[in-house]
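These notes are about the structure you will find just below.
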Amino acid sequence: MNDIQTSYILLPLLLPLLTAIFNLASGKMENVRDSFSVIGSIGTFLAVAKMLPHVLSGGTYSLNLFNIYEGINVILRVDGMSMIFALVSSFLWILASFYCVGYMRGLNEHAQTRFYVCYSATIFGAMGVAFSGSLISLYLFYELVSIFTYPLVMHHQDAEAYDGSRKYISYLMLTSKVMLLPALAIIYVLTGTLDFAGNMTTGIFSPDVNQTIIAVVYFLSFFGYAKAGIMPLHNWLPSAMVAPTPVSALLHAVAVVKVGVFSVCRVMLFVFGIDLLSRTGLGITSAYIASFTILMGSVIALTKTNLKARLAYSTISQLSYIILGVAMLTPSAVTGGLIHIPNHAFSKITLFFAAGAIFVAHNKKEIPDLDGIGYKMPFTMAAFGLASLSMIGVPPVAGFVSKWYLALGAMEMSSVGLLVVLLASSLLNAGYFLPIFIRAFFPKDGVKKRVKMAEASPFMVVPLFLTAVMSVVFGFYPDIWLKLIEVVK
Amino acid sequence: MSEFFALNDSFSYPILSYLVFLPLAGAVVSLFLRGDKVLKSFAFLVMVAEALLSIPLYTSFDGATAKFQFAEFIPWINAFDINYTLGVDGISLLLVMLTTFVMPLCVLCSWKYIDKRINEFVFALLVMETAMIGVFLSLDLILFYVFWEAMLIPMYLLIAVWGGDNKAYASLKFFLYTLAGSVMLLVAIIALYFSTGTFFVPTLMEHGYTFAFQFWVFLAFALAFAIKVPMFPFHTWLPAAHVEAPTPGSVILASVLLKMGTYGFLRFCLPITPTATLYLAPILLWISIISILYGGFVALGQKDIKKLVAYSSVGHMGFVTLGIFLINMQGVEGAILQMVNHGITTGALFICIGIIYERSHSRLIADNSAIGAFMPVYVAFLGLFSLSSLGFPGTNSFVGELLVLIGAFEKNKLIGAFAIPGALLAATYMLRLLQKIIWDKDDGHGHHGDGVHEHHFFDLNLREFGTLAFLAVFVVWIGLAPKPFIAKMSASVSKVIEQTNATEASALLPAPGWSGFMKAMGAGGDHHGEESGHGDAGHSTEAEVEAGGHDAPQTHGGESGHGESSGH
């Protein structure tokens, strides 16, 4: 493997942090502050993209930042998996930066500087997670994400926001302290290192290690990264929806939740390894836990009438596709799981962007109030429709590619059960997404003759339309992601 | 005795003596100075000079050897073989550095806070510094005891003269608890002297003792140190003292004084009484766990910020004692690192509390809430130190805590599992405190604030900023790159563990169960009579303990008789 030791990794990692610092320094000047976000996000994306050719050719970048103790190193490492996550989050951050301007100014929100600083800093954490080369770096950046999103969830500072944020931080701290911390300690005691393995098959444990302890450590890690939203530790996500919609969109549909899923996948593949997981049966157990979350998440989503709440449960359900794919451990399934990281990201951010645009333009949050909204906001709702199709997994929108590979994976395992889960989940997705779309364009009381179009500001509509279009593009051309996944293997 | 000392001729002057006596000289000079600002500036300069003096000590310290370095030896009272012996090793080095670096900050944080009896205040602080450094550097038990007792009076005065409303109660409680501990310490020291005829610590470590003798000496030591740490259930003096002490008093107490106990465990209990340590370590581990959980739960219920941090100290020091009695590399290294970390972080938190107390004249959370909008810089520092206190990755305490936990899981999974809730509790009370101080859930008047609030809570001035920024640097530095710090202590730590786990020590361990214990405590002469082959002193000790063990639990009663027979 062609590994390059370089401090270049620090550039895409630190750019978001620098952006946060500039946001803070220019807090008094709105336009300058918001421009820094846009410039910072574009710069970060370009800095990430520059690493793409080398990674696509099968190489990696790495940098050993600090040595904490024998075997405990803060390592940064960029491989195909890192690139998927880093590219997606940095690219969507650009669109979100524009969207934030429209949303925050449109609603005349308070404490905007704090908002932008924490927003950029959260991306810093997410990039760190993407580039982590050891469990200790992963834990460090994972926790940074928790702490920086806490003020964002609390943004409105009313009773609801305080309750939501308390629940949010309680879930995340509880799991990280009670599960991840002992997992780190036990893994170190067992192996003498906290660095990731170089490939996804062998893992870092010696073959003769005690199976019971392995199972305990595995489930501590599996559930400990609670940002992945695996049931029963999913409840923080609906609470986090009290945050302003740009936070829900980029952070609680892409950056933060993917930090959780990414961490779980990283640990499954690069700490435990496919060999160990398939030998001990932990992989298939995880697949069934993920299946349960997929179905339950969708069922609960059906019952929600608040748009953001329905999207939140849909996110919980969709995140577990990623876990399911990796947990099935077969080549196609892992591909299906990992490719769902970008696919879900582009589609779900569209849905949240749309929800936010509806709220800003028409102050509506509940689904029953959306009758005929498609005529007032045709672009927004068209984008919403495309993204919904992706969620359901209709070809040729991106979500279909994920489901295709996941289904292939299930067949490779000849597991009818998991195949049924995938199909049932698609039906459920259709069950809660299509009614919104139908209601928007075919209201019960008939279409009024002349409805005046009232879209939100272009700062919001253009980004959400772009992400919807890209969902379709990646449905036709998933090659870039497939290649990145290929080099991980 | 030179075999205990490593030859290190980096200095042409006796650096350890300079370190010990520079503050005392400063204290004497301060008596001739007048004027509040002059006195405080003078004290600050002396302490900065001390800190600068200690930097070459750190840089030229050789982390590869476990021997005592820069040792000094001057005969003092020949009749009792009491000598002025100083030396530094990997265990004391970081604590000396912590002391010299924290003390100037104590002057800075008292700049406005202390406004009466400045002369006495400065004198007390400087004497305190000499005593604290002396404790860490002494290699002679009597010298150690002199410094140990010398700390007591200035600390008592700091609370009793410059303290809060309830200072009389708090200072007396502090005095009595600590004095009780000191008495036990003295008992142990005398017992050791009569058993070996020397006060020289390295010799005492090499010497072998019977299990019964070790048992009682360990208990006497442990009681003295457990009060100082403080471990549950001897902790009740701490919250009282912290709440009433002025900011510099709290900082000294939290940063340095609490470390005396854990330092004592490492320096004396483990190497001098290894068998007793091994035998009693499980009990101390569980007491540590109780301290961690108890401190955490009680901190959770506090309305007074200072009390909250004081109880959090009980929990954090529980992690330190936990690490020490794990007696493995990660545990002890984590414990020492955690001592330093706690000194930095809790010291910083007390400075933070002092800063808002100067503005609001209240220590209650409710009176200091929702100040984030007015003091953003302050809140950023408070946030950093709170995160450090709860062991957030990337900060100093995380590394210490992780090492202790690794040590715990290595030793016994159950111990590790019970320590985990302590980490969670710390996160809970610190985040709750932080949330209330920055935003406050219950402020009915909204988050944009009213004029009154804004008027009181002005942001940090340069002095306050400098103090906190200095500590913040170390929080992040140790948090990300602790290896150089750990490297300085590794050799000494592995030697302590070796001494404790030595085969001679484990061989003396009594058989499990009560009867085994009674047998080891009783005659036991035939069981291990010849095992500590240390010449005449060793043998006569055996005989004496035999006698003492039969008569009464007070071993030192038996020992005093021995002293007459074998006096040098």
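Values quoted throughout were computed directly from the atomic coordinates according to the rules given, and no laboratory measurement underlies them. All figures in this text were calculated on a predicted structure; none of them were measured in a lab. All Cβ positions, glycine included, derive from the backbone under ideal geometry; neighbour counts span all protein chains shown.
For the reader, a short list of remarks on this structure follows.
- Dipole of the protein assembly as shown, positive direction: furthest Cα of B:Ile118, A:Phe437, B:Leu172, with charges on the beta-carbon: A:Phe437
- Summarising the amide proton neighbourhood of B:Ala245: residues at separation of 5 or more, or on other chains, whose placed amide H is nearer than 5 Å comprise B:Gly164.
- Cβ-Cβ FRET estimate between A:Leu302 and A:Val216, R0 fixed at 45 Å, reported to 0.05: 0.80
- Overall dimensions of chain A as given by Cα atoms, namely Rg and Dmax in Å: 21.3, 74
- Label-point separation, A:Ser57 to B:Lys519 (7 Å along Cα→Cβ), nm: 7.4 nm
- Remark: mean inter-chain Cβ contacts per residue of A:67-75 equal 5, using a 10 Å Cβ-Cβ cutoff to other protein chain atoms.
- Whole-number percent relative contact order across chain A, with pairs defined as alpha carbons under 8 Å at least 6 apart: 16 percent
- Counting only DSSP beta bridges with both residues in chain B, the antiparallel share comes to about 80 percent.
- Ranked packing of A:285-291, B:56-62, A:205-211, most packed first, by mean Cβ within 10 Å: A:285-291, B:56-62, A:205-211
- Relative packing of B:342-353, B:457-468, A:77-88, B:375-386, which averages over residues the other C-beta atoms within 10 Å, highest first: B:342-353, A:77-88, B:375-386, B:457-468
- Mean residue ellipticity (222 nm) of the protein assembly as shown, computed from DSSP H runs ≥ 4 via -39,500 (n - 2.57), nearest 500: -23500 deg cm²/dmol
- Distance in nm between pseudo-label sites at A:Asp445 and B:Leu179 (7 Å out along the Cβ direction from Cα): 8.6 nm
- 3J(HN,Hα) couplings calculated from phi for segment A:341-357 with the Karplus curve 6.51 cos²θ - 1.76 cosθ + 1.60 (θ = phi - 60°) are, in sequence order, 4, x, 4, 5, 4, 5, 6, 5, 5, 4, 4, 5, 4, 5, 4, x, 5 Hz; Gly and Pro show x.
- Distance between modelled label sites at A:Thr201 and B:Asp459, nm, 7 Å Cα→Cβ extension: 5.7 nm
- Each Lys or Arg adds one and each Asp or Glu takes one away; over the other residues whose Cβ falls under 14 Å from the Cβ of A:Lys28, this sums to 0.
- Residues B:Trp514, A:Trp236, B:Trp477, A:Trp93, arranged from fewest to most other Cβ atoms within 10 angstrom of their Cβ, appear as B:Trp514, B:Trp477, A:Trp236, A:Trp93.
- Close amide H pairs (under 5 Å, H built 1.01 Å from N) link B:Tyr84 with B:Ile74, B:Trp76, residues at least 5 positions away or on another chain.
- Remark on A:Phe66: its backbone amide H falls under 5 Å from those of A:Val74, a criterion applied only to residues 5 or more positions apart or on other chains, H modelled at 1.01 Å from N.
- Converting phi to 3J(HN,Hα) with the Karplus coefficients 6.51, -1.76 and 1.60 and the offset θ = phi - 60°, segment A:91-100 yields 5, 5, 5, 4, 5, 5, 4, 5, 4, 4 Hz in sequence order, with x at every glycine or proline.
- Square roots of five times the Cα gyration tensor eigenvalues for chain B, Å: 41, 26, 21
- Within straight-line reach of B:Lys306, meaning a Cα separation under 18 Å, sit the following lysines at least 8 residues removed in sequence or on another chain: B:Lys167, B:Lys173, B:Lys436.
- A Förster radius of 30 Å combined with the Cβ-Cβ distance from A:Met453 to A:Glu486 puts the calculated FRET efficiency at roughly 0.10.
- Cross-link partners for B:Lys483 among the lysines, with Cα-Cα distance under 28 Å and sequence neighbours closer than 8 places in the same chain left out: A:Lys177, B:Lys67, B:Lys259, B:Lys411, B:Lys413, B:Lys495.
- Straight-distance crosslink candidates among lysines, where the alpha carbon sits under 21 Å from A:Lys50 and sequence neighbours closer than 8 are dropped: A:Lys483
- Inter-chain Cβ neighbour average for residues B:407-418, partner chain, 10 Å: 3
- Inter-chain Cβ neighbour count for B:476-483, averaged per residue, equals 3 (cutoff 10 Å, partner chain atoms only).
- Arranged from fewest to most other beta-carbon atoms within 10 Å of their beta carbon, A:Met453, B:Met103, A:Met51, A:Met470 become A:Met453, A:Met470, A:Met51, B:Met103.
- Dipole check for the protein assembly as shown: with +1 at the C-beta of Lys and Arg, -1 at the C-beta of Asp and Glu, and the Cα centre as origin, the magnitude is about 4760 Debye.
- Of all DSSP beta bridges in chain A, antiparallel share, percent nearest 5: 75 percent
- Sorted by Cβ density within 10 Å, fewest first, the residues B:Leu192, A:Leu140, A:Leu428: A:Leu428, A:Leu140, B:Leu192
- Within segment A:72-151, the percentage of alpha carbon pairs spaced more than 14 angstrom apart rounds to 66%.
- Residue-wise HN-Hα coupling along segment B:140-146, computed from phi with Karplus coefficients 6.51, -1.76, 1.60 (Hz; x: Gly, Pro): 10, 4, 5, 4, 4, 5, 4
- Averaging over all projection directions, the Cα-based convex hull of segment A:388-489 occupies 9.2 nm² in the image plane.
- Dipole magnitude for segment B:273-509: about 380 debye, using +1 per Lys or Arg Cβ and -1 per Asp or Glu Cβ, origin at the Cα centre.
- Between segment A:196-236 and segment B:188-206, the Cα center-to-center distance that results, in Å: 51 Å
- FRET efficiency, 1/(1 + (r/R0)^6) with R0 41 Å, evaluated for B:Asn119 and B:Ile55 via beta carbons: 0.90
- Once you divide the Cα radius of gyration of the protein assembly as shown by 2.2 N^0.38 Å, the number left is 1.03.
- Of the beta bridges in the protein assembly as shown, as assigned by DSSP with both residues counted there, near 80 percent are antiparallel.
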